[in-house]
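Engineer: This is the structure I want to talk about, given as structure tokens.
The values are calculated or read from the model by the stated rules, or taken from the named source; none is laboratory data. Since the model is a prediction, treat every value here as computed from it, not as a measurement. Cβ sites come from the backbone with ideal geometry, for glycine too, and all protein chains shown count toward neighbours.
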Amino acid sequence: MEYLLPEELSCSHTITKDIIFLVGTAVVTRSDGRLALGRLGSLCEQLKELNTDGYEVILVTSGAVSAGRQRLRFRKLINSSLSDLQKPQVELDGKACAAVGQNGLMALYDTLFSQLDLTSAQLLVTDNDFRDPNFRLQLTDTVNQLLDFKVVPVLNENDAGCTVNKDSSGVFWDNDSLAALLAMELKADLLVLLSDVEGLYSGPPSDPKSKLIHTYVKEKHQAEVTFGDKSRMGRGGMTAKVKAALHAASSGIPVIIASGKGTDNIIKVLKGYRVGTLFHMDAHLWAPVKKTGAREMAVAARECSRRLQALSAQERKKILLDIADALEDNEELIKTENDADVAAAELAGYNKSLMARLAFKPGKISSLAKSIRVLADMEDPIGRILKKNEIADGLVLEKTSCPLGVLLIVFESRPDALVQIASLAVRSGNGLLLKGGKEAKRSNAIMHKVITSALPDRVGEKLIGLVTTREEIPDLLKLDTVIDLVIPRGSNKLVSQIKESTKIPVLGHADGICHVYVDKSADMDMAKRIVIDAKLDYPAACNAMETLLVHKDLVQNGGLKELVTELKLEGVDLFGGPRVSALQELDIPGTQTFHKEYSSPACTVEIVDDVQAAIEHINQHGSAHTDCVVAEDQKVAEAFLQQVDSAAVLHNASTRFCDGARFGLGAEVGISTSRIHARGPVGVEGLLTTKWILKGNGQIVDGDKGVLYSHKDLTVAS
């Protein structure tokens, strides 16, 4: 899972000088004690890349004792007599192992770096060395000179010559604490401690109940974390790494404990991905110690929604106007956070369609604020009398509109959706839980903060909850007694997964496979305008044209070629059905399927015999979203409009008109292809249900004795 680290750790910010990497024994060696050549090679390649990119890299390595132990065991074996081998084996002296292993370990680093046209330098240090202030100054000077020459300093604790008791609290007592000490001495910008596991877990990593801790918060995790066995090879293990990480972090140096077995983990760290466990002196500000559970969040949203419903229509209107003002007042801050999301997405290599959804274009905030004000000026939807009957003398029944309750909206990529959904929830009196895509994490967070800050205290900020991790979604989907409707806005995969994972009603659409059918009676200039707009006004939109169907007569009169030429000139990639791809003069490759949503400047083109064939094609291969007919023949148009089984069917108009704002709904939570409840663009009305209110003056049923039912319709009169 890829998440951006806090801004302080982004490689485009403060990491511009020294980065210290500690390679643990379990990373350097295999389970049999031999050196892990593949991992070391990958490590050196990543350090080479960083060195080339201008980072100053320092390596602290373990592994000398383990490597030496293997060699000494071999020497002892070949020099032993039969009687020696029958005696109990005595553990080899660690200092001797270090003396033998250090030579081979450094020779290996030197060889690997040399193959990458990089020079390394060995520095062996002991605890006693650091007790001398002059030594520390000299070491700092030496390391800085090496870095100036683009040389990689490789440091190791000199186990062969050290005298300190390894269990005592010396200046340092293992390579983990050495790395932390060096980070503080050299004022490094980042310390990375590489282990054989992904990071710090809440318990032993082998325990299925243990969870990876992404950000260590001392107040929360100190009492919760339990440690398993220490390192299989070295002295430290995770306990030593956490101790070293806390020591360095308390001095203001960001520390990450991550797996050294990943082939690109180091590069991911420097690119800002959420890898391993982060330690930082300000971590408690980013990760609250107490987190509201899924059920508590949903219950709080319901309680706040009931308080919202109790307000007058004018008071609810004012809340929307306050939200619109707050968005405009914080436009620069929102833009800054959105720019950071866009930069991170570019760095991560996201596709163009996602980037188009993610970025806020100039004027976007003003446009969102305007749509909220339009919504505020609409008639209050809550408590409207939809039907009124006098069912008997003095007994009046009203069918009224009321909120659904609590909505869970899961959406991807588009942070502007958060504003639209939140404003619709407020207008319809519903509580709301929002889960946006990780690529818009910063944008969603700041807009959620701005919007909830505009809510009055008597309603409460918890009316709108922001779900921040994907892991919370399964728990929310189980809350069918608290959450009333789920609306997923995203990929087919997302919608399908949610539908399969919950008993809560789901509203939305899985695909947006929209068609434009150009009839033989069409005005070709109009057809070209509509086709180009439907495909290119916003190719990533769910209402963009994905399939162009043309009447067979347009092949003969040149109409098809005109449309194809126009699309190609606009840079659209075309894929043909069997009949189109068979026309060599068009030079269009065949498609594998008609059920294809490109979400990019690409579409499928096919020839049909007539309007009935077009209708059959759409009903078979479409997604019942939005489909258009371009025709001057009114009989053709009427047949298309009546028989195409889609949520929105258009005549002589671009499919891009299928939108809540353009339909006059103010905004939309999404477009539904469901046949129950709301269908098409879902605005305020789609977020309401009904309530029956019966007003009497003491009537009873009593077996219907003496009751004369009139069922008189009073709706018009009211």
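Engineer: Which residue pairs have Cβ atoms closer than 6 Å, lie 6 or more positions apart in sequence or on different chains, and pair a first residue in region 549-569 that is without any contact (Cβ under 8 Å) to a residue 40 or more places away in the chain with a second residue that is in a loop (DSSP other than H, G, I, E, B) and surrounded by 15 or more Cβ atoms within 10 Å (Cβ to Cβ)?
Structural biologist: Pairs found: D553/K520.
Engineer: Which condition from (1) crowded, with 21+ Cβ neighbours inside 10 Å; (2) modelled with pLDDT of 90 or more is the one that R489 breaks?
Structural biologist: (2) is the only condition that R489 fails.
Engineer: Considering only region 421-440, how many residues are in contact (Cβ under 8 Å) with a residue 40 or more places away in the chain, over 22 Å from A310 (Cα atoms) and touching a Leu at 6+ places or on another chain (Cβ under 7 Å)?
Structural biologist: Residues flagged as in contact (Cβ under 8 Å) with a residue 40 or more places away in the chain, over 22 Å from A310 (Cα atoms) and touching a Leu at 6+ places or on another chain (Cβ under 7 Å) within region 421-440 amount to 2.
Engineer: A follow-up question, please. Restricting to region 498-519, count the residues that are under 21 Å from L418 (Cβ atoms) and either part of a strand (DSSP E or B) or modelled with pLDDT of 85 or more (or both).
Structural biologist: Taking region 498-519 as the starting set, the residues that turn out to be under 21 Å from L418 (Cβ atoms) are 498, 504, 506-509, 512.
Still in the running and either part of a strand (DSSP E or B) or modelled with pLDDT of 85 or more (or both): 498, 504, 506-507, 512.
Summing the residues that are under 21 Å from L418 (Cβ atoms) and either part of a strand (DSSP E or B) or modelled with pLDDT of 85 or more (or both) in region 498-519 gives 5.
Engineer: To continue, here is another question. Within the group D110, D167, D129, which residue is in the same structural domain as A245 (by TED's automatic domain parsing) and at pLDDT 85 or above? Lay out the reasoning, then the answer.
Structural biologist: Numbers: D167 fails: at pLDDT 85 or above; D129 fails: at pLDDT 85 or above.
Residue meeting the stated conditions: D110.
Engineer: Taking only region 320-359 into account, find how many residues are within 15 Å of E412 (Cβ to Cβ), touching a helix residue (DSSP H, G or I) at 6+ places or on another chain (Cβ under 9 Å) and among the aliphatic types (A, V, I, L, M).
Structural biologist: 6
Engineer: Using the structure shown, decide if R131 is in contact (Cβ under 8 Å) with a residue 24 or more places away in the chain and either touching a Lys or Arg at 6+ places or on another chain (Cβ under 7 Å) or under 27 Å from L50 (Cβ atoms) (or both). Spell out how you get there, then give the answer.
Structural biologist: Details: in contact (Cβ under 8 Å) with a residue 24 or more places away in the chain: yes; either touching a Lys or Arg at 6+ places or on another chain (Cβ under 7 Å) or under 27 Å from L50 (Cβ atoms) (or both): no.
So R131 fails the test.
Engineer: Using beta carbons and a limit of 6 Å, which pairs, at least six apart or on different chains, have the first residue in region 383-402 and part of a loop (DSSP other than H, G, I, E, B) and the second one not aromatic (F, W, Y)?
Structural biologist: G383/T400; R384/S401; G394/N697
Engineer: Determine if region 195-203 includes at least one residue that is at pLDDT below 85 and more than 27 Å from N51 (Cα to Cα).
Structural biologist: yes
Engineer: Also, quick follow-up: Based on this model, can you work out whether I607 counts as touching a residue at least 24 places away in the same chain (Cβ under 8 Å), crowded, with 20+ Cβ neighbours inside 10 Å and either farther than 21 Å from V644 by Cβ or touching a His at 6+ places or on another chain (Cβ under 7 Å) (or both)? Can you show your working first?
Structural biologist: On the way: touching a residue at least 24 places away in the same chain (Cβ under 8 Å): yes; crowded, with 20+ Cβ neighbours inside 10 Å: yes; either farther than 21 Å from V644 by Cβ or touching a His at 6+ places or on another chain (Cβ under 7 Å) (or both): no.
For I607, the condition - touching a residue at least 24 places away in the same chain (Cβ under 8 Å), crowded, with 20+ Cβ neighbours inside 10 Å and either farther than 21 Å from V644 by Cβ or touching a His at 6+ places or on another chain (Cβ under 7 Å) (or both) - is not met.
Engineer: Same structure, new question: Out of (1) assigned by TED's automatic domain parsing to the domain that holds N430; (2) surrounded by 17 or more Cβ atoms within 10 Å (Cβ to Cβ), the odd one out for D457 is which?
Structural biologist: (2)
Engineer: So, one more: Filter region 510-534 down to residues that are touching a Gly at 6+ places or on another chain (Cβ under 8 Å) and of a type in the set (A, V, I, L, M), then give me how many there are.
Structural biologist: 5
Engineer: Just one of (1) within 22 Å of the chain's Cα centre (by Cα); (2) farther than 29 Å from A324 by Cα; (3) surrounded by fewer than 21 Cβ atoms within 10 Å (Cβ to Cβ) trips up K449, so point out which.
Structural biologist: (2)
Engineer: Just checking, how many residues over region 316-328 are touching a residue at least 60 places away in the same chain (Cβ under 8 Å) and surrounded by fewer than 16 Cβ atoms within 10 Å (Cβ to Cβ)?
Structural biologist: Qualifying residue count for the region: 1.
Engineer: Could you figure out which of (1) out of contact with any Cys (no Cβ under 8 Å at 6 or more places or on another chain); (2) in contact (Cβ under 8 Å) with a residue 60 or more places away in the chain isn't true of A249?
Structural biologist: All conditions pass for A249, except number (2).
Engineer: Restricting region 219-244 to residues that are in contact with a helix residue (DSSP H, G or I) (Cβ under 7 Å, 6 or more places away or on another chain) and among the aliphatic types (A, V, I, L, M), which is modelled with the highest pLDDT?
Structural biologist: The extreme case among them is A244.
Engineer: Now, a different point. Can you give me the number of residues within region 403-420 that are over 15 Å from A298 (Cβ atoms) and in a loop (DSSP other than H, G, I, E, B)? Even if it seems obvious, please write down each step before you answer.
Structural biologist: Within region 403-420, the subset over 15 Å from A298 (Cβ atoms) is 411-420.
Applying the additional criterion that residues be in a loop (DSSP other than H, G, I, E, B) yields 412-415.
The total comes to 4.
Engineer: Residues of region 197-218 being outside any strand (DSSP E or B), surrounded by 17 or more Cβ atoms within 10 Å (Cβ to Cβ) and touching a helix residue (DSSP H, G or I) at 6+ places or on another chain (Cβ under 8 Å), which ones?
Structural biologist: Answer for region 197-218, where residues must be outside any strand (DSSP E or B), surrounded by 17 or more Cβ atoms within 10 Å (Cβ to Cβ) and touching a helix residue (DSSP H, G or I) at 6+ places or on another chain (Cβ under 8 Å): V197, L200, I213, Y216, V217.
Engineer: Oh, and also: Given the options E49, E45, E56, name the one that is crowded, with 22+ Cβ neighbours inside 10 Å, among the charged types (D, E, K, R) and modelled with pLDDT of 70 or more.
Structural biologist: Values: E49 fails: crowded, with 22+ Cβ neighbours inside 10 Å; E45 fails: crowded, with 22+ Cβ neighbours inside 10 Å.
When all the criteria are applied, what remains is E56.
Engineer: Determine, yes or no, whether R656 is farther than 30 Å from D393 by Cα, of a type in the set (K, R) and over 27 Å from the mean Cα position of the chain (by Cα). Before the answer, list the steps.
Structural biologist: Numbers: farther than 30 Å from D393 by Cα: yes; of a type in the set (K, R): yes; over 27 Å from the mean Cα position of the chain (by Cα): no.
Considered against the rule, which asks whether it is farther than 30 Å from D393 by Cα, of a type in the set (K, R) and over 27 Å from the mean Cα position of the chain (by Cα), R656 comes out as no.
Engineer: Please report, ordered by residue number, the strands (runs of 3 or more DSSP E) entirely within region 646-709 with at least 2 residues that are free of Cβ contacts under 8 Å to residues at least 60 places away in the same chain. Can you show your working first?
Structural biologist: Details: elements: 648-651, 670-672, 680-682, 688-695.
Where strands (runs of 3 or more DSSP E) fall fully within region 646-709 and carry at least 2 residues being free of Cβ contacts under 8 Å to residues at least 60 places away in the same chain, they are 648-651, 680-682.
Engineer: Can I ask one more? Which residues, taken from region 452-490, are small (G, A, S) and part of a loop (DSSP other than H, G, I, E, B)? It would help to see each step written out before you state the result.
Structural biologist: Applying the first criterion (small (G, A, S)) to region 452-490 yields 453-454, 460, 465, 490.
Selection gives A454, G460, G490.
Engineer: Can I ask one more? Regarding region 95-107, can at least one residue be identified that is at pLDDT below 80, assigned by TED's automatic domain parsing to the domain that holds T277 and surrounded by fewer than 18 Cβ atoms within 10 Å (Cβ to Cβ)?
Structural biologist: Step one: list which residues in region 95-107 are at pLDDT below 80, which gives 95-101.
Filter once more, so that each one left must be assigned by TED's automatic domain parsing to the domain that holds T277: 95-101.
Narrowing further to those that are surrounded by fewer than 18 Cβ atoms within 10 Å (Cβ to Cβ): 95-96.
There is at least one residue in region 95-107 that is at pLDDT below 80, assigned by TED's automatic domain parsing to the domain that holds T277 and surrounded by fewer than 18 Cβ atoms within 10 Å (Cβ to Cβ).
Engineer: Collect the residues in region 446-460 that are touching a residue at least 40 places away in the same chain (Cβ under 8 Å), out of contact with any strand residue (DSSP E or B) (no Cβ under 8 Å at 6 or more places or on another chain) and not basic (K, R), keeping them in residue-number order. Reasoning before the result, please.
Structural biologist: Residues of region 446-460 that are touching a residue at least 40 places away in the same chain (Cβ under 8 Å), as a first pass: 446-447, 450-451, 453-456, 458-460.
When the remaining residues are screened for being out of contact with any strand residue (DSSP E or B) (no Cβ under 8 Å at 6 or more places or on another chain), the result is 446-447, 450, 453-454, 456, 458-460.
Within region 446-460, I446, M447, V450, S453, A454, P456, V459, G460 meet the criteria.
Engineer: Give the residues of region 638-674 that are surrounded by fewer than 20 Cβ atoms within 10 Å (Cβ to Cβ) and at positive phi, sorted by residue number.
Structural biologist: Of everything in region 638-674, those that are surrounded by fewer than 20 Cβ atoms within 10 Å (Cβ to Cβ) and at positive phi turn out to be N652, G664.
Engineer: Report, by residue number, each residue of region 149-164 that is at pLDDT 90 or above and not in a strand (DSSP E or B).
Structural biologist: Scanning region 149-164 gives F149, K150, V151.
Engineer: So which residues in region 372-389 are more than 17 Å from L320 (Cα to Cα) and either surrounded by fewer than 17 Cβ atoms within 10 Å (Cβ to Cβ) or touching a helix residue (DSSP H, G or I) at 6+ places or on another chain (Cβ under 6 Å) (or both), if there are any at all? Steps first, please.
Structural biologist: Looking only at region 372-389, we keep the residues that are more than 17 Å from L320 (Cα to Cα), and these are 383-389.
G383, R384, I385, L386, K387 - these are the residues of region 372-389 that are more than 17 Å from L320 (Cα to Cα) and either surrounded by fewer than 17 Cβ atoms within 10 Å (Cβ to Cβ) or touching a helix residue (DSSP H, G or I) at 6+ places or on another chain (Cβ under 6 Å) (or both).
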